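**Q** If you scroll down you'll find the structure; I have some questions about it.
Just so you know, all these numbers are worked out from the coordinates, no wet-lab data involved. Remember, predicted model here, so these are calculated numbers, not experimental data. We place every Cβ from the backbone using ideal geometry, glycine too, and count neighbours over all the protein chains shown.
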Amino acid sequence: MSSIGVILLLLPIPLRAVRRMRRMPGLAARAGLGTITLLGFSALHIAGMVSVRKLALWLAGGAYDFRFSLATILYEFRKDAVTYVLIAGTIWLLDSRRELKAAAAASASPPAPLPPPSSLDTIWLRDGTSRIRVVPRDILWVASAGNYIEYCLADGTRHLIRGTLAAAESELGRYAIIRVHRTRLANLDRVREVDLKPSGDFELAFDNGQVLGGSRRYRPAVASLGRRAVPAASNPADPPAIHKQS
């Protein structure tokens, strides 16, 4: 019971570690974080378990001898490793199930109606005293660049404007230009193909051949692309293609 009680108190460690590992791109980084948290989990579990037993037996008028040795530590560590893997694996599976449900719900819900065409004509990019007139349809993607944000247009033109990506996201969301990565927005109306990676990340191929990567955190945003209405400027018989890699 002392062991179970301490493990329950330590559950936030594998919970936070797993959720952070799910956001990390490389296998080596994930393995490193998992190893570090396993060692910390085991050390805290052994120390906590021994402390609880010593206190309980002291209150009962007895004494507890842990018999500290390398063999004892390795024995306890093996048990902790199995426990940690089972807990972390369960958390990983539950989070994966939740993300799949969220993606399915997003694909089943109808897309929000766009504003009237009169409001979609042009926008102005402002940088100090400069003003640049842009048609939202011509924007492929927007990316954060330090204290600036970079607009990439379909014809290859790029504009570097002082501002924040959050402000651009708020302004451009009604034009189907949404966040697909922590540092990037993409124009879904210009996407011709979506490549879903086994890792959960994805790549968007635009109608001019450019490719932009997206992260698993924003995968539900593109899950409904196959159900979106094709813009009038596109070929209705050629909706966005979605590929999944096994």
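**Q** In what sequence, highest mean first, do 9-21, 183-195, 60-72 appear when ranked by Cβ atoms within 10 angstrom? Can you show the working numbers first?
**A** Working: 9-21: 16.1, 183-195: 20.8, 60-72: 9.5.
Answer by packing, highest mean first, reads 183-195, 9-21, 60-72.
**Q** In addition: What number comes out for the charge environment of residue 137, summing +1 per Lys or Arg and -1 per Asp or Glu over other residues with Cβ under 14 Å away?
**A** The answer is -2.
**Q** Give me the one-decimal nm value for the distance between modelled label points at residue 97 and residue 24, 7 Å along each residue's Cα-to-Cβ direction.
**A** A separation of 2.5 nm, rounded to one decimal place.
**Q** Quick one: Cα centre-to-centre distance for the stretch 1-36 and the stretch 51-78, in angstrom?
**A** The stretch 1-36 and the stretch 51-78 have Cα centres separated by 25 Å.
**Q** What are the residues whose amide H is under 5 Å from the amide H of residue 181, where those residues sit 5 or more places off or on another chain and H is modelled from the backbone?
**A** Those lying under 5 Å, H to H, from residue 181 are 215.
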